[in-house]
């Protein structure tokens, strides 16, 4: 490290420690050159670098140099590559942003279309950002920037560095509650893009209870339409007449199934257990379902802090699961 860089690091540390309060006068280049035993040109260069980072401002009319900030802003600039339209992802983004601001950093949201995707990734690679947090875009090609995923698995895709909810625990604990209330004739809804660990949790709880035909009880959807949900309901009715529970791997899937049952005139409230995963406010506020809180706000905050560590140490591996919480299990009817 050269003389100028060494001086800058010392002055930054002193600013962060409060030696020079905001709006106070900063030592002149003459004072700095005497203190560090360097020429005025070197001292001036150090001050210029601090001005460039927004820590100092050169005064006019002989006012000298004034302290603008004691910490560089932004200290880090990260990108959330994903959408914030769904309330779950909005909470993820809020968690990231809150943690970023607490660390004097910035988060930018980037939501490219399919056509823009590869060019946007190339632009991010060549930009000055420090790292990327992402969800819903699958496994990114090899990136120059550190990447942390906000899910450990999506469909068959497993992510190398992630912070996510414990999907297995979500499925396992929820299914145990369903079975504990006397349900045996259970149908499972699984979207092919859901985390399969939720399904593993369902299956293990059912196996423990002696329900061995769990795979036959699983109905897989390939899109997100109401029409497909209507079709799956007919399949469930035909294959498992008298079913007493439908357990889905997401609140969105169970919500569509509820609409299908209402359309078919099936009185389910208080009779048929309907469960999802996600604790989506728009759904749980109008439908008496049991669900799982994944704590997306917490996931976003933890992921940001983990990304900062990966920025400093790109070789580190990040595999962290956040605890889940069962919500409204009282909505699961008891079979006597």
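Count of segment 303-328 residues, restricted to those that are buried (at least 18 other Cβ atoms within 10 Å of the Cβ), part of a helix (DSSP H, G or I) and over 14 Å from the mean Cα position of the chain (by Cα), is 2.
Annotation: residue 156 fulfils all but one of (1) farther than 23 Å from residue 256 by Cα; (2) touching a helix residue (DSSP H, G or I) at 6+ places or on another chain (Cβ under 9 Å); (3) surrounded by 21 or more Cβ atoms within 10 Å (Cβ to Cβ); the unmet one is (3). Is it the case that segment 113-127 has a residue that's in the same structural domain as residue 307 (by TED's automatic domain parsing), in contact with a helix residue (DSSP H, G or I) (Cβ under 7 Å, 6 or more places away or on another chain) and over 25 Å from residue 251 (Cα atoms)? No. Going by the conditions given, is residue 48 part of a helix (DSSP H, G or I), more than 14 Å from the chain's Cα centre (by Cα), free of Cβ contacts under 8 Å to residues at least 12 places away in the same chain and not assigned by TED's automatic domain parsing to the domain that holds residue 308? So residue 48 passes the test.
Here 276, 300, 265 are screened, and the one residue that is free of Cβ contacts under 8 Å to residues at least 40 places away in the same chain and surrounded by 24 or more Cβ atoms within 10 Å (Cβ to Cβ) is 276. Here 11, 55, 32 are screened, and the one residue that is buried (at least 17 other Cβ atoms within 10 Å of the Cβ), outside the structural domain of residue 100 (by TED's automatic domain parsing) and under 25 Å from residue 107 (Cα atoms) is 55. Kindly provide the set of residues from segment 16-45 that are in a helix (DSSP H, G or I) and within 12 Å of residue 65 (Cβ to Cβ), ordered by number. Correct list: 29, 30, 31, 32, 43, 44. No other residue among 133, 140 is modelled with pLDDT of 95 or more and either surrounded by 21 or more Cβ atoms within 10 Å (Cβ to Cβ) or in a strand (DSSP E or B) (or both) apart from 133.
The values are calculated or read from the model by the stated rules, or taken from the named source; none is laboratory data. All values derive from a computational prediction rather than experimental measurement. All Cβ positions, glycine included, derive from the backbone under ideal geometry; neighbour counts span all protein chains shown.
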